[in-house]
Every structure is written in C-alpha cells, then in structure tokens.
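Quick notes on the structure that follows.
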Amino acid sequence: MTSTRLKKNNIIQHQHHEYFRVMERSAVASGFHRNYILCASRAATSTTRLHSLSSLRNFPSSSLRIRHCPSPISSNFIVSEVSRNRRCDAVSSSTTDVTELAEIDWDKIDFGLKPTDYMYAMKCSRDGEFSQGQLQPFGNIDINPAAGVLNYGQGLFEGLKAYRKQDGNILLFRPEENAIRMRNGAERMCMPSPTVEQFVEAVKTTVLANKRWIPPPGKGSLYIRPLLMGTGAVLGLAPAPEYTFLIFVSPVGNYFKEGVAPINLIVETEFHRATPGGTGGVKTIGNYAAVLKAQSIAKAKGYSDVLYLDCLHKRYLEEVSSCNIFIVKDNVISTPEIKGTILPGITRKSIIEVARSQGFKVEERNVTVDELVEADEVFCTGTAVVLSPVGSITYKSQRFSYGEDGFGTVSKQLYTSLTSLQMGLSEDNMNWTVQLS
C-alpha cells in the first residue's frame, strides 16, 4: 500500500516538474528574457499535489510568479510577483493578442500610477552602444547603491501619451520629438542615449504590450514614461560606467484635480526653478525635486501650482512647475522664449504651430509679470495637462482673474484642435501622429 502511494506521488511530482519545465521553455520562446524562470507560487504548490497532469494543463496563470536568476549578462531587473489578473503568456515585440480592457473604473481614473503588465529595458555599457531591449514584467528594479543616478542625479525622463481611437487603433503623438529631446538632454548630462529609432520602437513595443491598459476613447490616455539612468556604480564624481533605458506606462486621467476647469496659480518670488547655464532647459530629474518645496507651500494655501519668475530680474515669466505658460491679449498669443532655463515643451511647440496655422500671431519673447494684469486669457501646456485654462494668478497678494468659469475663446479653440489631432478625431494634416494597430 505504502509502496503504491510512493510510486503514485513520484509520478505526480514528475508531471509537475514537466509542466513547469514546459511553461518555462514556452515563456522563453515567446519573448521573455532568458534569465527569468517560472515557478509555482505557494498557493500553487499546495494545490498541485491534488491534480493530475491533465488538470495541470489548465493550471491558472495567475498562480505563477516570475523570479529573476542573476547572471553576468543579467539586466538586473527583479519582478516580485505577477498580479493575479495578468496574462502569463509572453508578449511579442511586434504584436499582442491582448485586446480586452483592464478591469478598472475608467470613469474615475486620475493622474496616478496604476501598475500595468510590462515594462521595457535596455542597457548601455562602457562602449556607448545600447543592447537589444527586452520586455519584462512590470516590477521593482535592482540597483547598486553607488549608481550614478542615486548619488549624483544623473538621470533624465520623458513623458508622452497613447490614445485609443474609436476603431480600436492606437495613436502616439510626436514620439520622435521626445526622442530628440532626450538625446539633447543626455548630451548635457554626459550620458549616452538611444537613437531616435530605438526610442520610438521601444515606445511602440511597450504600448502594444500594455494595450489593454489604454483607456476607452474619451476616458483618458496611456501615459508613457521613458527613463534614462546612470545605473553603473561610481563613487567619485564622474559619469556612470553603465546606463539603463527603461519605459513603463500607466493609464491616466486629468493631471489637475480641477480636470479641464480653470486652475489657480501663485507667482513664486523667493524660490527659483532654474538658473542661466544650469539644466532648466533639459528634462533632468533634479529639476522636478527642486520645485516640490514651493509647490507644497502653494497647495497648502489652496493654489493649484506655482508660476516661476526668472532668477536674475525676478520680473519675467518662465514656467509652471511642470508645464509652459501662455498669455493672450487682443488675440495675440505670447509665451516665454526658450533660452536655456525653460523646458522646450512638445505640447508648447505643437500649440504654437497649431495657432499659427489658424492665423494667430504667436510671439516667443520675454513676458513680464506685469502683463498678467492686462491679459485676456492665460493657459498652461504640457504632456500631462495638455492645455489647462488658468482661472486666476495671485502675485504679491493681488489676484488677477481670467474667466474662472471655463476656457477662454482662444484657449478653447486651441485645446479642441490639439486634442482632436491627438485622439484621431480630425485629419492629421500636421503628420504628427503614429498609428499602431
């Protein structure tokens, strides 16, 4: 009796091993990084003792998790656990079978991180050449405490969006512009950078792998966050010996809690975002940590965000914490010119081009804080906010209002034109969008 039971248990154990060996081989063949292995979770281990191989063939993928086996050629990314609603089958870099939408309340989506299925990573060694990138399950990353990005802030990021059209196709908006801006920033920060082609292909691959997380038309967008980081260990002040290019995504709604309702700004007179000769004109990570203090104080007082002045004269408008600023007077649109202290926003550039194509006069120049008094409209632009009307600006205890009930005439026209392009609701005469099937 005992001998029969032991023999039966050995057969079942062998079947279990065969099952997971097949699963691992299948995952590698399908495109997972070869340094990942599939193993049963605790729940799966206790359950599988009761099943035969035939029932294991239908074993739920949600009871598997992916662990990383370090090796000399490892990309050092660790995934702690695959979420229970995630598909276990790997996603090809060129296509995906995932067509269903993720099960979240799309009507209540905000601008916050929601973990998705996959991220993309590729490394650059000392020779300056980036390796072939890999899709990996979204999760935590393993990084040396002496990494250049942690010790000396050697890092850049980008932001762009993908939209779902009514016909199910996906649109990217000007991804090559983000690639160019990252390359410009990398040169300033002494970092190698992916080529424009590598950047755009990586974005496409990541978006398609996470297609089910793209909100339905009119419900939001998929925010795409490319990162370039000095991940090699360096103790003395010097460029890192190794770099990682990584992309993750998250479905998002409106950036400001007001949605498309007008926001209220306060002009900051003590803190400054950037200085001439500094890094204000590139999208380096340190630029954003520097604005948190002033932004926190402003929000505690009930304002939406902070409008910064130049640090030399404290008289000229520069930008809001994470977006560019425009003023409208007598149908003339003005925005601070790019001089090294202001980020060259891609949405800013697009709004200028759209406005000029519609016959508006657009001036890129020094805009004084005094001009806020007479402005007819004020609005902000950025990837996250798209175009947000400003309802009021407070400067030295004086509050200037600009139609706090909604969009002004000019800003509404530009917002409608731009978002219609981004979402595929109007013909793309600018040739700005990239369609993914």
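Every read-out reported here was derived from the displayed coordinates using simple, explicitly stated rules and does not represent laboratory data. Just so you know, these numbers come straight off a predicted model, no measurement behind them. Cβ atoms come from the backbone with ideal geometry, glycine included; neighbour counts cover every protein chain shown.
Please list 3J(HN,Hα) in residue order for region 360-365, calculated via the Karplus relation 6.51 cos²θ - 1.76 cosθ + 1.60 where θ = phi - 60°; whole Hz, with x for glycine and proline.
6, 8, 10, 10, 9, 7
Can you compute the FRET efficiency between THR409 and CYS190 using 1/(1 + (r/R0)^6), with r the Cβ-Cβ distance and R0 = 56 Å? Round to the nearest 0.05. Walk me through the intermediate numbers first.
On the way: r = 46 Å, r/R0 = 0.82.
Using R0 = 56 Å, I get an efficiency of 0.75.
What spacing in nm lies between the two simple spin-label points modelled at SER420 and ASP142, each 7 Å away from Cα in the Cβ direction?
Between SER420 and ASP142, the label points sit 5.3 nm apart.
Once Rh is set to the Kirkwood radius over Cα pairs, what Stokes-Einstein translational diffusion coefficient, in µm²/s, holds for region 322-384 at a temperature of 20 °C and a viscosity of 1.002 mPa s? Let's see the in-between values first.
Working: Rh = 11.9 Å.
Answer from the Stokes-Einstein relation: 179 µm²/s.
From largest to smallest, what semi-axes in whole angstrom does region 104-252 give when each is the square root of 5 times an eigenvalue of its alpha carbon gyration tensor? Walk me through the intermediate numbers first.
Values: eigenvalues 173, 50, 32 Å².
They are 29, 16, 13 Å, listed largest first.
GluC sites (Glu not before Pro), restricted to region 320-414: which are DSSP loop and have at most 10 other Cβ atoms within 10 Å? Show your work: numbers first, answer last.
On the way: sites: GLU337, GLU353, GLU363, GLU364, GLU371, GLU374, GLU377, GLU404; in loops: GLU337, GLU374, GLU404.
Sites meeting the loop and neighbour criteria: GLU374.
Quick check: from the Cα gyration tensor, does region 352-411 come out rounded (a/c under 1.5), prolate or oblate? Spell out each step's value before the answer.
On the way: a/c = 1.84, a/b = 1.42, b/c = 1.29.
Because a/c hits 1.5 or more and a/b exceeds b/c, region 352-411 counts as prolate.
Report the full-extension gain for the segment ASP370 to TYR288: residue separation times 0.36 nm, less the Cα-Cα distance, to one decimal in nm. Don't jump to the answer; show the numbers that get you there.
Values: separation 82, 0.36 × 82 = 29.52 nm, distance 2.63 nm.
In short, 26.9 nm is gained.
Is there a pair in LYS114/LYS412; LYS204/LYS299; LYS301/LYS329; LYS123/LYS349; LYS165/LYS283; LYS349/LYS412 whose C-alpha atoms are over 25 Å apart, and which pairs would that be? Display every interim value, and only then the final one.
Details: LYS114/LYS412 30 Å; LYS204/LYS299 36 Å; LYS301/LYS329 29 Å; LYS123/LYS349 31 Å; LYS165/LYS283 29 Å; LYS349/LYS412 17 Å.
Where the Cα-Cα span goes over 25 Å, the pairs concerned are LYS114/LYS412; LYS204/LYS299; LYS301/LYS329; LYS123/LYS349; LYS165/LYS283.
Obtain the nm distance between the two label points defined at SER296 and SER125 by a simple spin-label model: each point lies 7 Å from its Cα along the Cα-to-C-beta direction.
Here the answer is 4.2 nm between the modelled labels.
Provide the FRET efficiency to the nearest 0.05 for the LYS361-PHE400 pair, computing r from the beta carbons and using R0 = 22 Å.
Working: r = 22 Å, r/R0 = 1.02.
Using R0 = 22 Å, I get an efficiency of 0.45.
Going by the alpha-carbon gyration tensor, a ≥ b ≥ c the square roots of its eigenvalues, is region 214-344 rounded (a/c under 1.5) or, if a/c is not under 1.5, prolate (a/b greater than b/c) versus oblate? List each step's numbers first, then the result.
On the way: a/c = 1.85, a/b = 1.18, b/c = 1.57.
Cα axes put region 214-344 in the oblate bin.
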